[in-house]
Amino acid sequence: MKKILMAIVLCSTVALQAFANHDVVVNHNNKTVTILANFVSPAPIEKSMLKAADLWNNRNGKDKCLISANGQQKEYTVYFKIVVNKNPLSDTAVNVITVIPNNHPFFKQKTTANENGEEVINRAISVNDGKTIGVSNAYKNNKFVLAHEMGHSLGLKHKNSRKCCQFGPEDLAVFQLSESVTNLASNTKSAKNQTRKHIEIGSSTRDFIAKTK
């Protein structure tokens, strides 16, 4: 008899996320990169949203990324400025979080087989199309689920796309934070396609590196 395993998938991408809704500010004078986004919701989940935002904002100054120019790389400090339910008309990228019934087709169980031939039942509990996050009603107050989905909206990538999450602090650890921010801040065409707005403050990267030689 085949062994049946149950796996809860934190998020299911319902559309190709070539675009994630956030802003990037590169300050060449202070050597910082700040990722900004506003998350709003019509559902009464602001308390959980604020806790989720704090998980990202509390990382301020703890991570580094690399800015490349003229064959050189400089370390920049990473900051987050994640706000909740601010005026959506403000000039910050806006993402919507909505609560979806647990029995919605998005969360329908799917059975697959792993490399050992065991049957695995997968069930998503949240979805993200790059601008709108949908979370199942059962997990609407789980700050770690919300924070993980916020990470996707910030343009962050998983270290391993097959790795699932545990609904705890390690949910943020599954992201390639330094590598993702390095890409978002690189000011390349591919990075710009993932970002709503890319702003550079101070000297250009070329001038900045030339002055520090």
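Details
- Exposure proxy order (Cβ contacts within 10 Å, fewest to most) of 91, 54: 91, 54
- Taking 144, 106 and counting other C-beta atoms within 10 Å, the order from fewest to most: 106, 144
- Extension gain for the segment residue 121 to residue 109, taken as residue separation times 0.36 nm less the Cα-Cα distance, is 3.7 nm to one decimal.
- Long-range HN-HN contacts of residue 41 with modeled amide H, under 5 Å: 85, 97
- Pairs with C-alpha atoms separated by more than 22 Å, drawn from the list 108/157; 47/159; 64/143; 31/62; 86/159, are 108/157; 47/159; 64/143; 86/159.
- Working note: Karplus 6.51/-1.76/1.60 with θ = phi - 60° gives segment 46-52 the couplings 4, 4, 5, 5, 5, 5, 5 Hz, where Gly and Pro are set to x.
All of the numbers you see were taken from the coordinates with simple rules; none came from a lab. Because the structure is a prediction, the values reported are computed rather than measured. Cβ coordinates were reconstructed from backbone atoms using ideal geometry, including for glycine residues, and neighbour counts include every protein chain displayed.
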